[in-house]
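This report concerns only the one structure given below.
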Amino acid sequence: MSIRTKILPFLFDISPKLSVRVKFLSLYRYYRKCLSFKNPVLLDEKIQWLKFNTYNNNSLVTLCADKYRVREYLIHLGLEEILNELYGSYDQPEEIDWEKLPQQFVLKWNFGKGHNLICPDKSALQIPETMQLLKDWRKTYGHFYKQYAELHYRGIQPKLICEKYIETEDGSLPVDYKVYCFNGVARFVLVCGNRASGKPSFYFVDEKWELQRLNRSGKEAPEGFQVPKPEGYEQLFEYANRLAKPFPFVRVDLYLEKGKVIFGELTFTPAGGFDPNRLYKTNVLFGSMVDLDYGKNCRTLEAVEKI
């Protein structure tokens, strides 16, 4: 029985705070301390604090964590140009008209993590198996947020969405640019490449696209190593700054298609706020960059302009 899939949801029903304390304690070898809500220092501690003090009753965060309704936020900011093309939205998988979908597309539920189906070739898609997979993912709604007490997901109404398949020159999966933003400012990008190879790469870079040795991959990279700089990389920071403005911490996930930025999603609690793959010194550094009072009164779309 895994602590994540069995014990934590059970503890959540008793006490959400108890469940995250137990999870934090299970990673004591990495964190070197017990979780502190009174004096959070590490980024992961501050994410736990935000879960229970800011994000738990924040309709703006819930809207932006919804992979479908976040479109309303981008439209409100006048950023429609970076929204990926939407082919359709559905309440149930049975509503999908497979004949009308293009040869390439992406299907995903608007809640949770990993509920994405990437289809590079519809002719090879096994529709009955795909339907069952989508239904199985749908069944996780209602309890998926209990694993790490991600309370901001509770208000999301399940929606299945179909979007354009992002093309690359060699036909591989696109590079994922995860922009780490603190107090409304984009500071670092985690560049996630080679995802289809079985040996994905993860490197942090700063605004100048210089390697930052903030994770194991960066720490072990040879002297002089450079992360390939994409066309239009400056736009990643420009758009992330606009999207992150109301939030003390958020990760803005973006893509680049032929130099054009395409929005992915906003993530407020990466890895549920439990990421031992990050170097400990990075957890300390990132934690020092989060002001827990920042944006605390920004809880609606209407309040965004006041920041």
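Values quoted throughout were computed directly from the atomic coordinates according to the rules given, and no laboratory measurement underlies them. For clarity, every value in this text was computed on a predicted model and none was experimentally measured. Neighbour counts are summed over all protein chains in view; Cβ atoms, including those assigned to glycine, are modelled from backbone coordinates with ideal geometry.
Assorted remarks:
- For region 23-96, averaging the sequence separation of C-alpha pairs within contact (under 8 Å, six or more residues apart) and dividing by the residue count gives a relative contact order of 11 percent.
- The Cα atoms of region 98-139 define a convex hull whose projected area, averaged across directions, is 3.1 nm².
- Euclidean distance of C-alpha centroids, region 119-158 and region 253-277, integer Å: 18
- Of the residues 180, 77, 160, the one whose Cα sits farthest toward the positive end of the charge dipole of region 77-232, with +1 on the Cβ of Lys and Arg and -1 on the Cβ of Asp and Glu, is 180.
- Taking the number of Cβ atoms within 10 Å of each Cβ as an exposure proxy, the fewest-first ranking of 137, 109, 98, 209 is 98, 209, 137, 109.
- Size descriptors for region 246-298, from the alpha-carbon set: Rg then Dmax equal 13.8, 38 Å.
- Cα-derived Rg over Rh, computed across region 185-307 with Rh taken as Kirkwood radius: 0.97
- Between residue 17 and residue 258, the C-beta separation translates, for a Förster distance of 35 Å, into a calculated FRET efficiency of about 0.15.
- Cross-link reach is defined here as a Cα-Cα straight distance under 16 Å, omitting same-chain residues fewer than 8 places apart; for residue 139 the aspartates and glutamates meeting it are 91, 94, 129.
- Each distinct pair of alpha carbons in region 139-244 adds a 1/r term; the inverse of their mean, the Kirkwood radius, is 16.4 Å.
- Residue 271/residue 216 FRET efficiency (R0 22 Å; Cβ-Cβ; nearest 0.05): 0.90
- Ratio Rg/Rh [Cα only; Rh per Kirkwood] for the chain: 0.95
- Across the options 40, 63, 86, the greatest Cα extent toward the positive end of the charge dipole of region 35-86 (unit charges at beta carbon of Lys, Arg, Asp, Glu) belongs to 40.
- Size of region 194-241 from its Cα atoms: along the principal axes, largest to smallest, the extents are 29, 26, 17 Å.
- Normalising the average separation of contacting C-alpha pairs (under 8 angstrom, six or more residues apart) by the number of residues puts the relative contact order of the chain at 22 percent.
- Given +1 at the Cβ of Lys and Arg, -1 at the Cβ of Asp and Glu and no other charges, the dipole of region 34-84 around its Cα centre is 220 debye to the nearest 20.
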